[in-house]
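Report on one structure; see the data block that follows.
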Amino acid sequence: KPQAASKMSSHIVYLSGDKHKQSEKEKRELYDDKSQKIESKQAQEEHKNAFIEHRIVLSPAGNNTSKEDLHVLSQSMISEIRERNPKAEVSASYAIHTDTSHPHSHVLITSPNVVKLDKDFYADARREMKELKSILDNQKEKNNSLDFSQDIFQKQEKNQDLGVSL
């Protein structure tokens, strides 16, 4: 195995949590670029032709980041990289880590071609991820508000059936 491939394999094993004791609550999960859960061997196969590698950690501010948020943010990052590098044969996978007090995701990008991620990309990506996280948080708030309103409405209906008003 070339040294680069060996480092890649080690990194994928770390991301997947294969070498770490994990409880059901504290878990590391590895996904392909279509958000399908995969094993580290599948990810190693996906990235075997890598000439270049980029590792990006998505760690949104605040502790209200859900696993679903991390899926959306990771997929958005992968899409953005592919859009900016249309001629590159981009392979991507990501790992979601909920085994820390701050849930985060690691996006792994490889290609046998050049994938350009310059300072402008990172500045743009940081801004776009903040905006997307804000949208996700607002949607959660709206859904929580809708859930709360729905609960009140159901309680009112139930109480009306009993001849009680709120």
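The values are calculated or read from the model by the stated rules, or taken from the named source; none is laboratory data. Computed from a predicted structure; not experimentally measured. Cβ coordinates were reconstructed from backbone atoms using ideal geometry, including for glycine residues, and neighbour counts include every protein chain displayed. All accessible areas refer to the heavy atoms of the entire protein, side chains included, with ligands and DNA or RNA removed. Shrake-Rupley method; radii C 1.70, N 1.55, O 1.52, S 1.80 Å.
Numbers for the structure displayed
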read-out: Subset tally (residues that are in contact with a helix residue (DSSP H, G or I) (Cβ under 8 Å, 6 or more places away or on another chain) and β-branched (Val, Ile, Thr)) for the stretch 65-80; value: 2
read-out: Residues of the stretch 44-75 that turn out to be part of a strand (DSSP E or B) and over 19 Å from Asp124 (Cα atoms), as a count; value: 2
read-out: Hits in the stretch 66-123 - residues which are hydroxyl-bearing (Ser, Thr, Tyr), within 21 Å of Ile135 (Cα to Cα) and open to solvent by less than 20 Å² (accessible area, probe 1.4 Å); value: Ser74, Ser105
read-out: Among the residues listed as Ile96, Ile81, the single one being more than 19 Å from Lys7 (Cα to Cα), in a strand (DSSP E or B) and under 18 Å from the mean Cα position of the chain (by Cα); value: Ile96
read-out: Within the stretch 33-43, tally of residues that are surrounded by fewer than 16 Cβ atoms within 10 Å (Cβ to Cβ) and part of a loop (DSSP other than H, G, I, E, B); value: 4
